[in-house]
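One structure below.
The values are calculated or read from the model by the stated rules, or taken from the named source; none is laboratory data. These figures come from a predicted structure and were not determined experimentally. Quick reminder, even Gly has a Cβ in these numbers, built from the backbone with ideal geometry, and neighbours come from all protein chains shown. Just the protein is used for accessible areas: all its heavy atoms, side chains included, with ligands, DNA and RNA removed. Shrake-Rupley method; radii C 1.70, N 1.55, O 1.52, S 1.80 Å.
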Amino acid sequence: MHFSLGIDAGGTYTDAVIVRDSDGEVVESSKALTTYPDPLPGMKKAIDKLDSEYLKDIKLVSLSTTLSTNTILESTGFPVGLIMVGDYVIPEKLPTDYWIAVSGGHNSDGEELKVLDLDSVGEFALKIKDKVSAFAVSSYFSNRNPEHELAVKKVVKELTGHPVVCGHELSQDLGAYERAITAFLNAQLIPITHKFIQSIIGEFKVRGINANMLMLKCDGSVVGIEEALEKPIETIFSGPAASLVGASHLSRLNTCAVIDVGGTSTDVAMMQNGLPQLSNSGAVVGGWQTRVKAIRMETSATGGDSHVWVKGDVIYVGPRRVIPLCRAAVMYPGFREKLKQNRVAKGYLCENIQLTKFFVRTGFRPIELKTGEREIYRHIGKEPASFGDLLVALKKRPSPSMLDSLIQKRLIQAIGFTPTDALHVLGEYTEWDVEASRIGASMLGRTFKQSPEAFSAEVKRKVARNIAEDLIAYLIEGMPRNEIDRVLMGKNFTRFRVEIPVVLLGGPVKAYVEDLKKLINADFIVPEHADVGNAVGALVGKGIKRVEILIKTRVIPKSQENKAEEEGGGTPESGVIESALQNEKKTEFIVFSPTDRKIFEIHGEALEYAEELGRLLVMDYMINAGLGKEKIKIEVSRKHLAPSGWTDIPLETKLVFVGVGVPKNREGLKE
């Protein structure tokens with residue numbers, strides 16, 4: 001009998017499940033704390049808890065992770081240099097201080113508009129190479145011709161040795177700025193994702209497990225682990241995708257909304273008729289619009305490990321993740337007594353300065369520190385340090401912004417009160433040190449003249465309201481958050497009703513069901529194995545590959561033909577195209593694909609080339625991802641753009657190839 005192993009390394013916990021291939025039943029599961037900065041020890045502990053007899057018969061291993069999403073939400077990614085090629089209108093909001101815009105770019109036909117300024121690219125790369133870990137590049141119309149992005153990538157890699165992510169590698173959609181943001185966010189994740197994948201490959205080699213290895217992608221499909229190592233950008237958002245697919249499998253529902261409450265974030269998504277609902281414009285995470293083909297989801301920084309902090313008469317939840325007090329008391333002997341003695345003047349209170357907040361070093365090595373950062377970092381060690389400790393050591397008030405910067409660089413990690421602590425106080429989840437949670441709730445509740453139980457109940461209600469708000473924001477796109485909150489607060493004698501089942505995933509998620517029912521009229525379901533739903537989802541994802549190819553008709557009138565050749569090509573005004581066709585002027589058919597740009601003189605040849613190339617790209621991708629060739633089905637859709645009165649030949653033809661397959665060793669697994 002054969003089995004499959006699913007592993008999800010989340011922001012807080014690493015889950016593992018063993019599924020019987022013959023019927024898809026979960027036969028065993030385990031859970032361990034995710035370890036930072038190296039996730040491998042947490043994965044080892046999760047696997048060690050599984051029955052070794054099952055492990056001997058594992059033929060398929062599939063992985064998912066929320067680490068990438070959490071990194072974006074918390075703004076703790078590695079520093080990246082951003083290179084924009086073309087006449088960019090630079091917006092006020094850019095995700096990095098290390099950026100440059102240089103001359104270059106192409107037009108919509110893929111022809112060069114301006115010569116690429118590689119000298120400026122080289123100077124920029126050398127100037128910041130010691131300040132960043134990777135580079136991202138996006139060029140105008142690189143989806144029609146990527147040669148400038150590829151040229152920049154080659155130069156930067158030769159000069160710095162750093163990874164370089166190109167916008168066209170992620171998306172063929174229009175939107176140079178959005179592709180730039182997408183490339184930047186993915187470049188941030190390269191070191192983290194590489195470490196994760198390399199660690200797990202090595203671990204299974206050591207254990208002697210010879211299995212087909214896959215990783216879940218952000219659209220709910222799977223990719224071969226070797227390709228994920230080569231192109232880690234394709235695996236971002238796989239954690240939320242895993243929860244969606246896993247929830248549908250565990251609940252046996254083809255259509256449902258899914259809420260996954262993790263340690264750092266809450267993700268809302270939807271399955272419709274057995275397929276994930278995808279985003280039309282790309283995923284939005286941490287306020288950034290990307291061009292990544294991903295499940296449509298609503299993500300917020302509310303999770304079990306979100307920092308609960310107070311200022312004035314307001315309780316805040318998030319956005320940063322911290323180690324809960326209850327867990328810190330187990331990790332660091334003597335922490336409970338230190339917590340009791342902590343004192344902070346009210347005037348100092350802010351997110352990074354709280355009665356219940358402490359700091360410890362991580363295992364990451366500093367790249368470049370400012371003077372203020374270096375001073376603070378020197379006084380934070382492997383044991384928790386409070387604001388008071390730093391105040392005494394520095395002989396001055398530690399800068400909250402410098403603490404924030406050290407957290408973003410992953411050099412220190414914070415400890416604080418969390419929703420997990422609130423559940424410990426209320427007795428609804430008691431995995432760790434309850435007394436440490438009570439001490440924290442007492443200290444924070446004193447501000448509001450509340451008992452530990454009353455303060456914790458208020459935190460729990462606030463978290464439930466945030467979850468409910470995320471659900472409605474997902475289902476009713478465009479509805480203002482303040483209007484959603486008005487209804488959830490019970491104003492205007494109205495209440496939301498959801499007509500499809502809502503499946504909840506996450507460790508102690510049952511604790512929030514009753515509060516959610518008071519806010520929304522819906523059928524909330526917590527399936528068996530809800531605490532390891534992501535790991536299940538990593539296993540039941542199908543192999544899906546989507547390729548888009550565009551054929552564009554271009555006509556150059558005889559009067560413009562010589563001029564176009566002299567200037568290196570040109571696009572005539574649309575008004576002359578039809579008359580040019582009628583007068584048998586020069587007609588070209590440009591094929592834009594993810595791999596190349598080709599020009600044909602005969603439309604039939606262009607169409608035939610596009611058809612063959614699309615099927616080839618899908619099939620090669622699926623086979624390399626470890627999918628059985630005989631199980632792959634490819635569907636092709638064609639959309640033609642032909643204005644009224646146009647000729648038989650379309651102005652544009654868009655071909656979309658969608659391949660669906662089942663991973664090898666899982667053909668017998670029932671959905």
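A few comments on the model shown:
- Cross-link partners for LYS629 among the lysines, with Cα-Cα distance under 28 Å and sequence neighbours closer than 8 places in the same chain left out: LYS56, LYS59, LYS205, LYS217, LYS231, LYS293, LYS542, LYS545, LYS639, LYS654, LYS664, LYS670.
- Cα shape, the range 236-280, gyration tensor, a/c 1.5 rule: oblate
- In this view, the solvent-accessible surface of LEU617, computed with a 1.4 Å probe and all protein chains in place, comes to about 40 Å².
- Estimated distance in nm for a label pair at LYS157 and SER22, the labels positioned 7 Å out from Cα along Cα-to-Cβ: 4.8
- Taking every DSSP beta bridge that has both ends in the chain, the antiparallel portion is near 70%.
- Across the options ILE590, VAL115, ILE472, the greatest Cα extent toward the positive end of the charge dipole of the chain (unit charges at beta carbon of Lys, Arg, Asp, Glu) belongs to ILE472.
- Set of lysines near LYS129 by C-alpha distance (under 21 Å), chain-local residues within fewer than 8 positions excluded: LYS153, LYS154, LYS157, LYS195, LYS370, LYS409
- Gain on full extension, evaluated as 0.36 nm per residue between ALA345 and GLU605 minus their Cα-Cα distance, stands at 86.0 nm.
- Low-density loop cleavage sites - GluC sites (Glu not before Pro) in the range 479-526, where at most 14 other Cβ are within 10 Å (DSSP): GLU499
- Accessible solvent surface per residue of the range 232-373, calculated while the other protein chains remain in place, 1.4 angstrom probe, Å²: 36
- In the context of the full set of protein chains, residues of the range 62-138 present 39 Å² of accessible surface per residue (probe radius 1.4 Å, heavy atoms only).
- Length-normalised contact order of the range 50-186 in % [C-alpha pairs under 8 Å, at least 6 apart]: 23
- Probe 1.4 Å, protein heavy atoms only - accessible area per residue of the range 458-513 in square angstrom: 49
- Between 0 and 90 degrees, the angle of helix 176-207 with respect to the longest Cα principal axis of the chain falls at about 60 degrees.
- The label point for ASP57 and the one for HIS194, both projected 7 Å from the Cα toward the Cβ, are 4.0 nm apart.
- Point-charge dipole on Cβ atoms (K/R +1, D/E -1) for the chain, about Cα centre, debye to 20: 2620
- For the range 163-215 and the range 479-505, distance of Cα centres in Å: 36
- Potential lengthening of the chain between ARG481 and ASP87 amounts to 138.3 nm, from the contour at 0.36 nm per residue minus the alpha-carbon distance.
- The calculated 222 nm mean residue ellipticity attributable to helices in the chain amounts to -11000 deg cm²/dmol, summing -39500 (n - 2.57) over DSSP H runs of n ≥ 4 and dividing by all residues.
- Separation between Cα centres of the range 333-385 and the range 1-30, rounded to whole Å: 38
- Signed unit charges on C-beta, dipole axis of the range 56-211, positive-most listed residue ASN210, VAL61, ILE83: ASN210
- Spin-label model distance (nm) - THR595 vs ASN624, 7 Å beyond Cα toward Cβ: 0.9
- The heavy atoms of LYS631 offer some 90 square angstrom of accessible surface to a 1.4 angstrom probe.
- Candidate lysines for bridging to LYS462, where Cα separation is under 16 Å - those fewer than 8 sequence places away on the same chain excluded: LYS311, LYS510, LYS517, LYS518
- The chain - percent of accessible surface contributed by carbon and sulfur, probe 1.4 Å: 49
- Cα gyration tensor category, rounded, prolate or oblate, for the range 160-295 with a/c compared to 1.5: oblate
- On the principal axes of its alpha carbon atoms, the range 1-42 extends 37, 13, 11 Å, with the longest extent given first.
- Three-way shape label, the range 421-545, alpha-carbon gyration tensor, a/c 1.5: oblate
- Helix 118-128 vs. the chain, principal-axis angle (Cα, 0 to 90°, nearest 10): 10
- GLU528 accessible area, assembled protein chains, probe 1.4 Å, Å²: 140
- Relative to the longest principal axis of the Cα atoms of the chain, helix 238-251 runs at roughly 80 degrees.
- Dipole-positive endmost among ILE7, VAL27, TYR316 within the chain (Cβ charges, Cα centre): TYR316
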